[in-house]
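> Have a look at this one before I ask anything.
The values are calculated or read from the model by the stated rules, or taken from the named source; none is laboratory data. Source: prediction; values computed, not measured. Glycine also receives a Cβ, built like all others from the backbone with ideal geometry; neighbour counts cover every protein chain displayed.
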Amino acid sequence: MTPQPLSRREALKRVIGVSIALSSLNISSYGAVQGIGTDPNLHKKEIPWPRVLTDEEKRTATALGDIIVPADEFGPAASAVGVLDFIDEWVSAPYEAQQKDQKVIRPGLE
């Protein structure tokens, strides 16, 4: 028996049905995984964990970023687009991968 192609109408009915079923699960009520905390709300400019880079490390990271991505006719320097904030937030995150990265990045900024 050859499978029949799925009509657009039938595909939409299935997608809508699955969407309704999933929305009834209320997944957001399950909360954070023990020991990790919650991910930041990307719609707000706040990070739920403290930043760890020192002022000296920030100056070094800013200088290195601007050497790697300087301002030119194609765009702004790294410091102008928030690369330092990204690096500081990244190495400050409480997740295992970022904590490993912190051990590599911070000594390079001393």
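> Can you name every residue in segment 77-110 that is farther than 25 Å from LYS44 by Cβ, in contact (Cβ under 8 Å) with a residue 40 or more places away in the chain and in contact with a helix residue (DSSP H, G or I) (Cβ under 7 Å, 6 or more places away or on another chain)?
ARG106, LEU109
> Quick check on segment 41-49. Is at least one of its residues at pLDDT 95 or above and loosely packed, with under 12 Cβ neighbours inside 10 Å? Spell out the reasoning first.
In the first step, residues of segment 41-49 are kept if they are at pLDDT 95 or above; the result is none.
No, the conditions are met nowhere in segment 41-49.
> Inspect segment 21-37 for any residue being under 16 Å from the mean Cα position of the chain (by Cα) and at pLDDT below 80 and give the result as yes or no. So that I can check it myself, show each step before the final result.
Here is the first cut: in segment 21-37, the residues under 16 Å from the mean Cα position of the chain (by Cα) are 36-37.
Those still in the list that are at pLDDT below 80 too: 36-37.
Scanning segment 21-37, I find at least one residue that is under 16 Å from the mean Cα position of the chain (by Cα) and at pLDDT below 80, so the answer is yes.
> Do we find that LYS58 is without any contact (Cβ under 8 Å) to a residue 60 or more places away in the chain, of a type in the set (Lys, Arg) and assigned to a loop (DSSP other than H, G, I, E, B) in this structure? Before you say what the answer is, go through the steps one by one.
Numbers: without any contact (Cβ under 8 Å) to a residue 60 or more places away in the chain: yes; of a type in the set (Lys, Arg): yes; assigned to a loop (DSSP other than H, G, I, E, B): no.
Considered against the rule, which asks whether it is without any contact (Cβ under 8 Å) to a residue 60 or more places away in the chain, of a type in the set (Lys, Arg) and assigned to a loop (DSSP other than H, G, I, E, B), LYS58 comes out as no.
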